[in-house]
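The values are calculated or read from the model by the stated rules, or taken from the named source; none is laboratory data. Everything numeric in this text was worked out from a predicted model, so none of it was measured. Don't worry about glycine lacking a Cβ; one is built from the backbone with ideal geometry, like all the others, and counts go over all protein chains shown. Surface accessibility is based on the protein's heavy atoms, side chains included, excluding ligands, DNA and RNA. Shrake-Rupley method; radii C 1.70, N 1.55, O 1.52, S 1.80 Å.
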Amino acid sequence: MEYSYDLNEKALYIEEKRTSAYSLEKNEIGNCTSCDSTLISLSYHLAGENITVVTKCTSCGAFYANIYDSDWNWVDEASVTLLPIPIPISNPVIDSWEELEAIPIKKLEAVFSKGEIEALFARAKDKTPVRQYLYRARKKYRLFEEIFNLKLDL
């Protein structure tokens with residue numbers, strides 16, 4: 001059988017079937033077959049008549065599915081592959097007045113001056129901003145994106 005694991009969702013996939021964790025308790029489960037270090041449980045799953053415990057080695061980082069029967073007698077062990085964690089390609093782009101207004105003012109104040117914020121809102125509403133303030137604000141777009149993962153395009 002093929003076992004794969006979603007670290008974000010704590011979900012185990014046996015073949016294509018998803019099983020959610022019923023417990024996230026951390027316990028020492030046994031020793032790693034690769035390096036003989038301790039295995040720590042990540043999650044517990046019911047799979048038919050069996051209980052499957054997803055474990056991670058504390059030394060080499062290998063992941064395993066330890067399978068037990070309903071009486072907690074050890075049945076088998078299998079390697080687990082991790083599902084890829086989705087990484088956003090880019091930060092959300094703020095390019096309208098409504099989107100700009102949805103940003104908490106505290107975030108804007110952390111990077112921009114009062115005049116720069118007013119210029120941003122004026123630009124977003126297609127009004128004429130104070131050019132100097134808008135110029136200064138645009139120089140800080142990259143900093144704002146680094147801090148808050150929001151890209152301004154006004």
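For Rg/Rh (Cα atoms, Kirkwood Rh), which listed value, (i) 1.31; (ii) 1.00; (iii) 1.16, comes from the coordinates shown?
Given (i) 1.31; (ii) 1.00; (iii) 1.16, the calculated one carries the label (i).
Using a 7 Å offset from the Cα along the Cα-to-Cβ direction at both residue 146 and residue 99, what is the distance between the two label points in nm, to one decimal?
2.2 nm
Which far-off residues, 5 or more places away or on another chain, put their amide H under 5 Å from the one on residue 7, with H placed in the peptide plane?
Those lying under 5 Å, H to H, from residue 7 are 83.
HN-Hα J couplings of region 26-32 from phi, Karplus 6.51/-1.76/1.60, θ = phi - 60°, integer Hz, Gly and Pro as x?
These are the phi-based 3J(HN,Hα) values: 9, 9, 6, 9, x, 10, 5 Hz.
Which loop GluC sites (Glu not before Pro) in region 40-116, with loop taken from DSSP, have no more than 14 other Cβ atoms within 10 angstrom of their Cβ?
On the way: sites: 49, 77, 98, 99, 101, 109, 116; in loops: 49.
When the GluC sites (Glu not before Pro) of region 40-116 are filtered for loop state and at most 14 Cβ neighbours within 10 Å, 49 remain.
Roughly how much of residue 150 is accessible, in Å² to the nearest 10, using a 1.4 Å probe?
Here the accessible area works out near 30 Å².
Return, for the Cα atoms of region 3-82, the radius of gyration and Dmax in Å, separated by a comma.
My reading of the Cα-based Rg and Dmax gives 11.4, 31 Å.
Report ³J(HN,Hα) in whole Hz for each residue of region 66-76, in order, from the Karplus equation J = 6.51 cos²θ - 1.76 cosθ + 1.60 where θ = phi - 60°; Gly and Pro get x.
For region 66-76, the Karplus curve yields 9, 10, 10, 7, 5, 9, 6, 8, 5, 10, 6 Hz.
Using the Cβ atoms and a cut-off under 12 Å, what net charge is assigned to the surroundings of residue 92, where Lys and Arg are +1 and Asp and Glu are -1? Could the numbers behind the result be given before it?
Numbers: positive: 151; negative: 95, 99, 145, 153.
Once all neighbours under 12 Å are counted, the net charge is -3.
By how many degrees, between 0 and 90 and to the nearest 10, does the Cα long axis of helix 114-124 differ from the longest principal axis of the chain?
Orientation of helix 114-124: about 90 degrees from the principal axis.
For a quick check of understanding: with a 1.4 angstrom probe and all protein chains in place, what accessible area in square angstrom does residue 22 have, to the nearest ten?
120 Å²
Distance in nm between label sites at residue 138 and residue 24, each 7 Å beyond Cα in the beta-carbon direction?
Output for this residue pair reads 4.5 nm.
Just how much of residue 75 is accessible, in Å², when a 1.4 Å probe is used and the result is rounded to the nearest 10?
Per-residue accessible area (residue 75): approximately 80 Å².
With a 1.4 Å probe and all protein chains kept in place, how do 5, 13 rank by accessible area, largest first?
Details: 5 0, 13 55 Å².
Heavy-atom accessible area, descending, gives 13, 5.
Could you sort 142, 131, 136 by accessible area so the largest value comes first, with the probe set to 1.4 Å? It would help to have the intermediate numbers written out before the result.
Numbers: 142 175, 131 200, 136 100 Å².
I get 131, 142, 136, largest accessible area first.
Summing Lys, Arg as +1 and Asp, Glu as -1, what charge do residues with Cβ under 12 Å from the Cβ of residue 129 carry, residue 129 excluded?
Working: positive: 123, 125, 127, 131, 136, 138; negative: 116, 118, 126.
Here the charged neighbours net out to +3.
Could you size up the charge dipole of region 49-154 around its Cα centre, putting +1 on the beta carbon of Lys and Arg and -1 on that of Asp and Glu, and report it in debye to the nearest 20?
On the way: 14 positive and 16 negative charges, 270 e Å.
Dipole about the Cα centre, nearest 20: 1300 debye.
Near residue 64, within a Cβ-to-Cβ distance under 11 Å, what is the net charge of the other residues, with Lys and Arg +1 and Asp and Glu -1? List each step's numbers first, then the result.
Working: positive: 56; negative: 76, 77.
Combined, the nearby Lys, Arg, Asp and Glu give -1.
Can you put 144, 121 in order of accessible area, largest first, using a 1.4 Å probe? Mind dumping the intermediate values first?
Numbers: 144 0, 121 50 Å².
Final ranking, largest accessible area leading: 121, 144.
Dipole of region 9-57 (Lys/Arg Cβ +1, Asp/Glu Cβ -1, origin at the Cα centre): which of 33, 53, 21 lies farthest to the positive side?
Checking the options against the dipole of region 9-57, the answer is 21.
HN-Hα J couplings of region 43-55 from phi, Karplus 6.51/-1.76/1.60, θ = phi - 60°, integer Hz, Gly and Pro as x?
Each residue of region 43-55 in turn: 7, 10, 9, 8, 9, x, 7, 9, 10, 10, 10, 7, 10 Hz.
Please work out the average accessible area per residue across the chain, using the 1.4 Å probe convention, and give it in Å². Let's see the in-between values first.
Values: 9970 Å² over 154 residues.
That works out to 65 Å² for each residue.
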